[in-house]
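Participant: Before I ask anything, let me first share the structure, which is written out below as structure tokens.
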Amino acid sequence: MTTSAPSLCNTAHMADPNAQDLLVLQAVARSGRYTAAAHALGLNHTTVSRRIAALEKALGGRVLSRAVDGWELTALGARAVAAATEIAAAVAHLTDDDAGALSGVVRLSATDGFSAYIAAPAFARLRSGNPGLSVEIVATTRRASQTRTGLDFEVVVGEPQLHRAEAIRLGAYVLGLYASRDYLAANGTPSDLDGVLAHPLVYFIDSMLQVDGLDTPRRLLPAMRDALSCTNVFVHVEATRVGAGIGLLPCFMADRHADLVRLLPDVVAEQLDYWLVARPDALRRPAVAAVVQALREGTRALEPQLLGQDRRA
């Protein structure tokens, strides 16, 4: 005989969960840590721990499990946070004096280039009508996390393969080969791929690269020796501009600089996809849903530049 996991509405033998305890769980789920949740709520760590214990007793099961980088929701915890989201939305509606304006903090991680040229303008436009809304960006280039601890969502390169998460394709961008005009004047302009291989490369540190789709140089340009490697794509762009070598750069970043020349665009044009990854309960928060929509619209608006089709950036 098997038994199903406890349900939030099956309370025949359990106490009703306290609404405040549900909101505490929501804060822990958002930050991944009791201390951060306590700070956000104006409570102490002991109170947060006690409220989570009371909620688990009321629901008859664990709502959090220990992960490598913090606490993550169990299946029961995810349902509890969904209920907390509805409670928070109802309270916000009752106390809303700004005709439905969004408020609260949305935290995400995204790559450096996406954060600067897509996310920041999108948030600025969104916040102009929602002054109570705040956004926190963790700029990083990595695979999608299994837990997304402390984040409402992530923007990653390449389609993620994850459980208990919703993935939304935002759009594509293209990597191209670039060199500065001064570098080409001093070292010559390669006319084919074999010519490119004789030059040094500016790109990511191979041993620290976590995204499979960004291993293009090792596949297309295996003979190029590394000149300058860095985990930050803005360093790639500036190093290429000052003549450190030939850079493999996002077109939407490199094409903003008139001193950079794109090389062999018909030969090297590696297309990669941006994906947004979030827990379903996070997407039900009005502020998160609005930010996600703003990112989708911002990505679509920048499509010609992202695909290297427009140098008028």
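Participant: Using r as the Cβ-Cβ distance of Arg256 and Thr35, and R0 as 51 Å, what FRET efficiency do you calculate, to the nearest 0.05?
Facilitator: Given R0 = 51 Å and the Cβ-Cβ separation, E is 0.80.
Participant: Counting only DSSP beta bridges with both residues in region 172-272, tell me the antiparallel percent, nearest 5.
Facilitator: Approximately 70 percent, going by the DSSP bridge assignments.
Participant: Anyone know which of Gly188, Gly243, Gly77 comes out most mobile in the 10 Å Cα GNM of the chain?
Facilitator: Gly188
Participant: A further question on this structure: Averaging sequence separations of C-alpha pairs under 8 Å and six or more residues apart, then dividing by the length of region 172-272, give the relative contact order as a whole percent.
Facilitator: Answer for region 172-272 is 51 percent.
Participant: Return the FRET efficiency for the residue pair Asp192, Gln293: r is the Cβ-Cβ distance, R0 is 41 Å, and the value is rounded to the nearest 0.05.
Facilitator: 0.40
Participant: Using a Gaussian network model of the chain with C-alpha springs under 10 Å, which one of Asp192, Asp266, Asp281 is most mobile by mean-square fluctuation?
Facilitator: Answer for the Gaussian network model of the chain: Asp266.
Participant: To continue, here is another question. What is the sum of charges around Val202, taking Lys and Arg as +1, Asp and Glu as -1, for the other residues whose C-beta is under 12 Å from the C-beta of Val202?
Facilitator: So the surrounding residues net to 0.
Participant: Using a Gaussian network model of the chain whose springs link C-alpha atoms within less than 10 Å, name the residue from Ser49, Ser207, Ser229 with the highest mean-square fluctuation.
Facilitator: Fluctuation is largest for Ser207.
Participant: How high is the FRET efficiency from Ala185 to Met208, r the C-beta distance, R0 30 Å, rounded to 0.05?
Facilitator: 0.40
Participant: Starting from the Cα gyration tensor of region 172-272, take the square roots of the eigenvalues, sort them a ≥ b ≥ c, and report rounded, prolate or oblate (rounded when a/c is under 1.5, otherwise prolate if a/b is larger than b/c, else oblate).
Facilitator: Because its axes are fairly even, with a/c under 1.5, region 172-272 counts as rounded.
Participant: Between Arg218 and Arg125, how many nm apart are label points set 7 Å from Cα along the C-beta direction?
Facilitator: The modelled label-to-label distance comes out at 3.7 nm.
Participant: With angles folded into 0 to 90 degrees, how steeply does helix 75-94 sit against the dominant principal axis of the chain? Use alpha carbons for both and round to 10.
Facilitator: Approximately 80 degrees, to the nearest ten.
Participant: Hey, quick one: spin label on Leu264, modelled 7 Å out along Cα-Cβ, who in region 182-199 has an amide N within reach, i.e. under 11 Å?
Facilitator: Of the residues in region 182-199, 190-199 have backbone N under 11 Å from the label point off Leu264.
Participant: Could you state the number of Å between the C-alpha centres of region 116-142 and region 187-225?
Facilitator: The two parts, judged by their Cα centres, are 32 Å apart.
Participant: Okay, moving on. Starting from the 7 Å offset along Cα-to-Cβ, what nm value, one decimal, do you get for the label separation of Gln161 and Ser134?
Facilitator: Between Gln161 and Ser134, the label points sit 3.9 nm apart.
Participant: Any chance you could give the angle, 0 to 90 degrees and rounded to 10, that helix 19-31 forms with the longest Cα principal axis of the chain?
Facilitator: Tilt of helix 19-31: around 20 degrees.
Participant: So for Tyr173, Tyr183, fewest C-beta neighbours within 10 Å to most, what's the order? Intermediate results must be reported in sequence, preceding the final value.
Facilitator: Values: Tyr173 26, Tyr183 23.
So the ranking, lowest neighbour count to highest, is Tyr183, Tyr173.
Participant: Arrange Leu302, Leu25 by Cβ neighbour counts within 10 Å, fewest through most, would you?
Facilitator: Taking fewest neighbouring Cβ atoms as first place, the list is Leu302, Leu25.
Participant: Using helices alone, I'd like the mean residue ellipticity at 222 nm for the chain: each DSSP H run of four-plus residues gives -39500 (n - 2.57), total over residue count, nearest 500.
Facilitator: -10500 deg cm²/dmol
Participant: Quick check: residue separation of Arg169 and Ala19 times 0.36 nm, minus the Cα distance between them. What number comes out in nm?
Facilitator: 50.5 nm
Participant: I've got another one for you. Determine the equivalent ellipsoid of the chain by diagonalising the alpha-carbon gyration tensor, then write out the semi-axes as square roots of 5 times the eigenvalues, largest first, rounded to whole Å.
Facilitator: The answer is 46, 21, 15 Å, longest axis first.
Participant: Between helix 45-59 and the chain, what is the angle of the helix's C-alpha long axis to the longest principal axis, kept within 0 to 90° and rounded to the nearest 10?
Facilitator: Relative to the chain, helix 45-59 is tipped by roughly 70 degrees.
Read-outs: derived from the displayed coordinates by stated rules, not from any lab. Being a predicted model, the structure only gives us computed values, none of them experimental. Neighbour counts run over all protein chains shown; Cβ positions are idealised from the backbone, glycine included.
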